[in-house]
Amino acid sequence: MESRFRSRYGRLAITRAALVVFLVFAAAIAAVVFTLDLSARHSNRQEARTELASTARVAASTFSTMRANLRTRVSELAASASLQQAVLGKNEAQLRSFATSHDARIDLRGRSFGMLPKKPRVMATATLARRGHAVARVTMAVPMDRSLLAVLQSATPMPKHAALVLVQHGRLIAGGPAGTHIEVGARQIEVAGVAFYSTDTNLGAANASLVAVEPVSAVSARVNAYRRRLLFVAAITLALAAGLATRLARPVARVFADLARLTRQAQTDGLTNLANRRTLDERLDDEVEHARRLGTHVGFVIADIDDFKSINDSYGHQTGDEVLRRVAQAFAQAVRELDLPGRYGGEEIALVLPGTNLTGARALAEKIRKNLEELSVTTAEGTPLKVTASFGAACFPAQPTVEALVAAADAALYDAKRTGKNRVVTATAKRKSRANSAAADAPVTA
């Protein structure tokens with residue numbers, strides 16, 4: 001069975017079928033791997049942004065708590081009896097001591113005691129009043145710098161490679177190169193040539209925003225382990241597909257061969273192995289339309305085997321079939337690769353000759369006619385049989401339509417038969433006129 005199959009379909013066909021099956025499997029696996037990888041990367045990015053948003057919210061909440069504590073501290077300081085006595089007694093030494101020990105600034109009647117951190121900073125102020133009039137103001141501040149970020153980061157759970165930066169008016173003020181422009185609200189930013197995913201939240205103080213960032217490379221690296229496992233599974237699946245392809249190669253090759261055979265049967269004549277009438281008509285329509293667009297020629301030749309009915313009657317249909325096969329072989333061997341020989345009907349064989357004028361069509365027909373004169377077919381009784389044929393040739397655009405072209409070639413064939421057979425006749429102006437008249441007078445059938 002194996003040897004019969006290989007002899008019928010060939011090793012090349014089996015190999016080709018196995019390759020087709022493998023490529024189909026490989027394409028399906030590649031599509032699945034690509035889809036899963038794309039989904040994993042998308043989910044990973046979404047997860048990273050969600051984590052960064054949570055980080056920014058928690059850090060902002062911590063900042064709000066620190067700011068509330070700052071307001072509480074400054075209120076407690078302003079309410080202390082010792083400070084109020086120093087203010088009422090205008091004791092500058094005590095006021096200076098209070099300001100220094102509490103990192104505060106006390107403003108009293110145009111004078112200030114103590115220093116505040118440099119801007120940018122977060123401040124809280126309390127006022128000391130007497131009889132409804134402000135007599136002093138106490139201010140405390142926290143600088144918006146790396147120390148503040150350190151406190152916020154220590155109190156905020158965040159991804160391994162994430163960080164916090166402070167931005168004011170679109171400029172980085174802490175957590176990176178100072179003065180670097182940051183596009184607040186962007187989902188991805190670049191700092192010092194490194195791309196980061198980012199999520200920000202407004203702190204509501206000093207026009208500042210807190211931005212949680214994580215390097216794009218670090219986020220992408222999270223799926224590397226998954227991608228390695230995915231590729232490993234894909235490689236194993238591909239290896240299994242290769243094994244399965246070899247098993248499916250033979251039935252697939254058989255299907256391909258059957259499809260090719262059916263296609264050939266639909267396009268060729270079973271006896272002569274030339275194109276059938278339907279294929280000839282379709283090709284002639286296409287070539288004439290193509291020549292009309294490009295302004296070129298199409299030659300058309302019809303040949304009829306002389307005295308073919310006598311051959312069948314005298315020697316039998318088997319001899320007639322052999323004559324048809326040998327004549328068809330002579331036609332196939334004489335034409336170019338772009339020409340199309342075909343069985344037009346009965347003992348008639350036609351040629352569609354793209355790019356060939358009437359002179360070229362006549363020359364080819366004459367060549368085939370001479371070759372047929374040298375052809376000898378042996379009958380079933382062993383008698384050598386000579387074969388001749390008559391030819392009619394026409395050309396587009398001398399014949400302006402497919403119908404006129406076929407009618408003119410057929411009329412020329414009729415003249416070749418009428419004037420002695422075994423000859424080539426081309427469509428003259430007279431024949432063209434007669435062919436057009438015959439085509440016009442022909443009955444129309446539904």
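Just a few scattered comments:
- Test: residue in region 16-30 that is under 20 Å from Ala225 (Cα atoms) and part of a helix (DSSP H, G or I): yes
- Test result for Gly204, at pLDDT below 90 and touching a Leu at 6+ places or on another chain (Cβ under 7 Å): no
- Candidate set from region 336-356 (those that are of a type in the set (A, V, I, L, M, F, W, C) and in contact (Cβ under 8 Å) with a residue 24 or more places away in the chain); member that is farthest from His290 (Cα to Cα): Ile349
- If you go through region 220-266 and keep only what is at pLDDT below 85 and in contact with an Asp or Glu (Cβ under 9 Å, 6 or more places away or on another chain), you end up with just Arg250.
- Selected residue (criterion: surrounded by the most Cβ atoms within 10 Å (Cβ to Cβ)) from residues of region 367-392 that are closer than 25 Å to Ala407 by Cα and touching a residue at least 40 places away in the same chain (Cβ under 8 Å): Gly392
- All positions within region 215-231 that are under 22 Å from Glu190 (Cβ atoms), in a helix (DSSP H, G or I) and of a type outside the set (S, T, N, Q): Val216, Ala218, Val219, Ala221
- Residues of region 38-65 classified as surrounded by 16 or more Cβ atoms within 10 Å (Cβ to Cβ), farther than 13 Å from Tyr197 by Cα and not polar (S, T, N, Q), total: 5
- Ser75 being touching a strand residue (DSSP E or B) at 6+ places or on another chain (Cβ under 9 Å) and assigned by TED's automatic domain parsing to the domain that holds Gly204: yes
- Thr296 modelled with pLDDT of 65 or more, polar (S, T, N, Q) and not assigned by TED's automatic domain parsing to the domain that holds Leu364: no
- Taking region 317-335 as the range and being charged (D, E, K, R) and in contact (Cβ under 8 Å) with a residue 60 or more places away in the chain as the test, only Arg326 passes.
- When region 81-105 is filtered for residues that are closer than 14 Å to Leu116 by Cβ and loosely packed, with under 12 Cβ neighbours inside 10 Å, nothing remains.
- Of all residues in region 286-306, exactly one satisfies the criterion of being exposed (fewer than 14 other Cβ atoms within 10 Å of the Cβ) and over 35 Å from the mean Cα position of the chain (by Cα), namely Gly295.
- Checking each residue in region 307-323 for being over 59 Å from the mean Cα position of the chain (by Cα) and surrounded by 13 or more Cβ atoms within 10 Å (Cβ to Cβ) picks out Asp307, Ile311, Asn312, Ser314, Tyr315, Gly316.
- The residues of region 187-213 that are of a type outside the set (Gly, Ala, Ser), in contact (Cβ under 8 Å) with a residue 24 or more places away in the chain and buried (at least 21 other Cβ atoms within 10 Å of the Cβ), listed by number, are Ile189, Tyr197, Thr199, Asp200, Leu210, Val211, Val213.
- All conditions in (1) modelled with pLDDT of 90 or more; (2) touching a Lys or Arg at 6+ places or on another chain (Cβ under 7 Å) hold for Ser39, with the sole exception of (2).
- All strands (runs of 3 or more DSSP E) inside region 338-385 with 1 or more residues being aromatic (Phe, Trp, Tyr), within 52 Å of the chain's Cα centre (by Cα) and assigned by TED's automatic domain parsing to the domain that holds Arg325: 340-345
- Any hit, region 71-80, residues being surrounded by fewer than 18 Cβ atoms within 10 Å (Cβ to Cβ) and basic (Lys, Arg): yes
- Within region 391-427, the set of residues being of a type in the set (Gly, Ala, Ser) and in a strand (DSSP E or B) comprises Gly392, Ala393, Ala394.
The values are calculated or read from the model by the stated rules, or taken from the named source; none is laboratory data. Bear in mind that the values here come from a model prediction, so they are computed numbers and not experimental data. Cβ sites come from the backbone with ideal geometry, for glycine too, and all protein chains shown count toward neighbours.
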